[in-house]
Amino acid sequence: FMLENEITVYEQQLDLINRNTEEQKKMMEGFREEKHNFINQLIVLKDSIEHGEKGKAIEELNRLIYLLPGNSKISNCGNSTVDALINFKNLTAEKADVELKLKIFIPENLPINQCDLGVVMGNAIDNAIEAAQQYDGTDKFVEITMGVKKEALVLVIKNPFQNELREDKQGNLLSTKNDGNRHGYGVKSIRRVAEKYNGEVLIETENQLFILTVIMNIEQF
């Protein structure tokens, strides 16, 4: 039973990687299309400048600067893994009309395996974005708070939710998705990583607000 459970957890982690890969593929296809459009826009700008249409050229340049992909990078905490993951997830959040709010105060280097950090943050942020997207209210957001406190990395993610939460007899959160047996292992993967670092995972709800807290001790690593 433990072996089957472990295999299922690994399958869930591979599913997360596959979904991220597909998202990256779509993003790169979008970049290629934007590059093609950008070249055509530069040709039009060049023509405007050559014909002395300065005002028209400046207006178009301002529009292009605003649309540059770099403007969607909202995380710049200095930790390359965290910045890359959050900025990538922000593209998904923007498509879902969900606002990411950040309060991140961490050092550039953390004594945590990058894959472990990716599993925790990837699962947590994906679940939060999906829940916020399904929320009937107008304030659809995911608040990510991250910092080091007393030799422990503390990650707190808050998001509004719509569906009623269910738990099993052991108090584990059950997925509200149709494929609950598979997707329900997202939180289990997070718990698994937290336990590896002698930490814990806390789940609270308050006025349709879901609060996930992940604590990972880093003093020994």
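The values are calculated or read from the model by the stated rules, or taken from the named source; none is laboratory data. Since the structure is predicted, the reported quantities are computational estimates derived from the model, not experimental observations. Every residue, glycine among them, receives a Cβ derived from its backbone with ideal geometry; neighbour counts consider all protein chains shown. Surface accessibility is based on the protein's heavy atoms, side chains included, excluding ligands, DNA and RNA. Shrake-Rupley method; radii C 1.70, N 1.55, O 1.52, S 1.80 Å.
Restricted to region 74-96, and to residues that are assigned to a helix (DSSP H, G or I) and out of contact with any helix residue (DSSP H, G or I) (no Cβ under 8 Å at 6 or more places or on another chain), which residue is most open to solvent (accessible area, probe 1.4 Å)? Only one residue tops the list, namely Lys95. Return the residues of region 29-43 that are open to solvent by less than 100 Å² (accessible area, probe 1.4 Å) and either acidic (Asp, Glu) or modelled with pLDDT of 70 or more (or both); say none if nothing qualifies. Within region 29-43, Glu29, Asn37, Phe38, Ile39, Asn40, Gln41, Leu42 qualify. The residue of region 191-221 that is surrounded by the most Cβ atoms within 10 Å (Cβ to Cβ), among those that are part of a loop (DSSP other than H, G, I, E, B) and touching a residue at least 24 places away in the same chain (Cβ under 8 Å), is Tyr197. For region 124-138, a residue qualifies if it is in contact (Cβ under 8 Å) with a residue 12 or more places away in the chain and outside any helix (DSSP H, G or I), and the qualifying residues are Tyr135, Asp136, Gly137. Within region 97-121, can you find the residues that are touching a Gly at 6+ places or on another chain (Cβ under 8 Å) and in a loop (DSSP other than H, G, I, E, B)? Correct list: Ile106, Pro107, Glu108. Tell me, please, whether a residue that is open to solvent by less than 70 Å² (accessible area, probe 1.4 Å), under 14 Å from the mean Cα position of the chain (by Cα) and at pLDDT below 90 can be found in region 169-190. So far as region 169-190 goes, yes, one or more of its residues are open to solvent by less than 70 Å² (accessible area, probe 1.4 Å), under 14 Å from the mean Cα position of the chain (by Cα) and at pLDDT below 90.
Scanning region 77-94 for any residue that is modelled with pLDDT of 85 or more, over 28 Å from the mean Cα position of the chain (by Cα) and among the acidic types (Asp, Glu) turns up nothing. Scanning region 135-166 for residues that are open to solvent by 10 Å² or more (accessible area, probe 1.4 Å) and within 15 Å of Ile104 (Cβ to Cβ) yields Glu143, Thr145, Gly147, Val148, Lys149, Val154, Val156, Lys158. Among residues that are of a type in the set (D, E, K, R) and over 22 Å from Gly78 (Cα atoms), Asp139 is included.
Residues in region 111-134: is at least one surrounded by fewer than 18 Cβ atoms within 10 Å (Cβ to Cβ) and farther than 21 Å from Gly186 by Cα? Yes, that holds for at least one residue.
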